[in-house]
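These notes concern the structure reproduced below.
The values are calculated or read from the model by the stated rules, or taken from the named source; none is laboratory data. This one's a predicted model, so the numbers in the text were calculated from it and none came from an experiment. Cβ placement follows ideal geometry from the backbone for every residue including glycine, while neighbour counts extend to all protein chains displayed. Please note that ligands, DNA and RNA were not included when accessible areas were found on the heavy atoms of the full protein model with its side chains. Shrake-Rupley method; radii C 1.70, N 1.55, O 1.52, S 1.80 Å.
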Amino acid sequence: MLKKVCSFILSALLLQVAAVPAFAGTKAEKEARRAEKVRTQLAKLGTGSDARIRLELRDKTKLEGFVSEAGAETFAVTDASGKTTTVGYGQVRKAQGNNLSTGAKIAIGVGIGVGVTLLILYLVYLSNES
């Protein structure tokens, strides 16, 4: 019985040690995943003056403005003064977009429409009651 327990524990430890390098990636792979994540976020955000963004780069530089253009390897951020800065996706440490998604805009519009409809129905009800 003791041999079975010890062999089970030993095999579990060996499997765990063998699996750890498979999950750990090289630094280049991690940077490539981070750059792809930033590229995906910017694709959702879009370009133009409505695509407001706040960035923190790896060199501790902070940028704020809108995404004026987005390419395969770089994108351009234009600040309030009109200065355009080209940034590589790999240079970004943190990105935060400041616009609403299409779904959020639709939900807000539907909410306003329902509110106005309920208000009109309530006013009609009050006028018929008197």
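Structure data summary
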quantity: Contour excess over end-to-end distance, with Cα ends at TYR122 and PHE8 and 0.36 nm allotted per residue; calculated: 33.9 nm
quantity: Probe 1.4 Å, accessible area per residue of the chain, Å²; calculated: 76 Å²
quantity: Spatially proximal lysines relative to LYS83 (Cα-Cα < 30 Å; intrachain offsets below 8 disregarded); calculated: LYS37, LYS44, LYS60, LYS62, LYS94, LYS105
quantity: Among [x] 0.99; [y] 1.15; [z] 1.90, the entry derived from the coordinates for Cα Rg over 2.2 N^0.38 Å; calculated: [z]
quantity: For the chain, the longest site-free run once trypsin sites (Lys or Arg not before Pro) in DSSP loop states with at most 14 other Cβ atoms within 10 Å are removed; calculated: 1-57
quantity: Kyte-Doolittle mean at least -1.0 and Cα axial length at least 15 Å: DSSP H helices in the chain; calculated: 2-23, 102-129
quantity: Average Cα contact separation per residue, the chain, under 8 Å, 6 or more apart, as relative contact order %; calculated: 19 percent
quantity: Additional length obtainable on full extension of the chain from SER49 to LYS27, 0.36 nm per residue less Cα span; calculated: 4.5 nm
quantity: 5 angstrom amide H check on GLU69, placed H, neighbours 5+ away; calculated: ALA76
quantity: Karplus 3J(HN,Hα) series, Hz, for the stretch 53-69 with 6.51 cos²θ - 1.76 cosθ + 1.60 (x for Gly, Pro); calculated: 8, 10, 10, 10, 8, 5, 8, 6, 6, 10, 10, 9, x, 10, 7, 8, 7
quantity: Two-site label geometry, ARG34 and ASP79: point separation in nm, points 7 Å out along Cα→Cβ; calculated: 2.3 nm
